[in-house]
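Worksheet: the structure to be examined is printed underneath.
The values are calculated or read from the model by the stated rules, or taken from the named source; none is laboratory data. Only a predicted model underlies this, so the values are computations on that prediction, with no experimental measurement involved. Positions of Cβ are backbone-derived with ideal geometry, glycine not excepted, and every protein chain shown enters the neighbour counts. We work out accessible area using only protein heavy atoms, side chains counted, and drop any ligands, DNA or RNA first. Shrake-Rupley method; radii C 1.70, N 1.55, O 1.52, S 1.80 Å.
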Amino acid sequence: MDISRAAAGLFMRNGLRATRAEDIARAAGVAPRTFYRYFATKEESLGPVFAAGSQKWAEAVRDAPAQLPVPEALRHAIVATLTPGVGVRPESLDWVRALLRLAEANPALLRVWGEACQTAERTLAGVLAARAVAASEVATSEVATRAATSAVATTEASPVPLPTPSPTPSPKLRLTAATASAAVRVAVEAWAATDDAADGPDGPVALALRHLEALRGFPWSAE
């Protein structure tokens, strides 16, 4: 991450073309061979910075209150991670804007951004699977409680079959994660391409929430 942050700073100050891997290594206080131990190219060195932001969004969905349905958990995560001064420092959003503009002009850097987003998407699918398991456990616990109560009232009670959920993301959960991730990614990219204020009506939070609203008919339930 230290190397990645050094690369981001140099890219923004000097531009991508003028920055060499050796310059990044020097700025990070490591030898060039150490740089190449972690990264094959200077563009790849931005991977950890890109991944940190995109993973934070998926983790915020994981940390959303358990009782929230998927759409509300997604909204909670958007506000928690993209609101300036709350979930992210304003200067960090300035970095995001500058780096995404660089990525749009450089296919190799854009690929690094895309890979970070795809990794976060897989993380989100796992988070949604875990939330589905937790919701199922609550539901089966309630069924078991009702069955036990019924057994007390009757001399014979038929056993109640309880489902055994799997934490592995189903195709539907993967589609849900991909859809939600795209809604947020496009919002951030669209905002970064403008000079709009991060906390304004066309900032990343407002755009992402509007994208989710546009997907109101999507079957978000984590099944």
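Return only the number of the condition from (1) open to solvent by less than 30 Å² (accessible area, probe 1.4 Å); (2) under 30 Å from PRO219 (Cα atoms) that LEU93 does not satisfy.
Going through the list (1) open to solvent by less than 30 Å² (accessible area, probe 1.4 Å); (2) under 30 Å from PRO219 (Cα atoms), LEU93 breaks only (2).
Could you look through segment 16-32, keep only residues that are outside any helix (DSSP H, G or I) and either touching a strand residue (DSSP E or B) at 6+ places or on another chain (Cβ under 6 Å) or touching a residue at least 12 places away in the same chain (Cβ under 8 Å) (or both), and pick out the one that is nearest to GLY53 (Cα to Cα)?
The selected residue is LEU16.
Among residues belonging to segment 193-209 that are in contact (Cβ under 8 Å) with a residue 12 or more places away in the chain and more than 17 Å from the chain's Cα centre (by Cα), point out the one that is farthest from ALA103 (Cα to Cα).
Within segment 193-209, the match that is farthest from ALA103 (Cα to Cα) is ASP199.
Considering only residues of segment 37-90 that are modelled with pLDDT under 95, farther than 23 Å from ASP199 by Cβ and of a type in the set (A, V, I, L, M, F, W, C), which is most open to solvent (accessible area, probe 1.4 Å)?
ALA66
Identify all residues within segment 96-126 that are over 12 Å from the mean Cα position of the chain (by Cα) and of a type in the set (Gly, Ala, Ser); write none if there are none.
Once the filter is applied, which keeps residues that are over 12 Å from the mean Cα position of the chain (by Cα) and of a type in the set (Gly, Ala, Ser), segment 96-126 yields ALA98, ALA103, ALA105, ALA108, GLY114.
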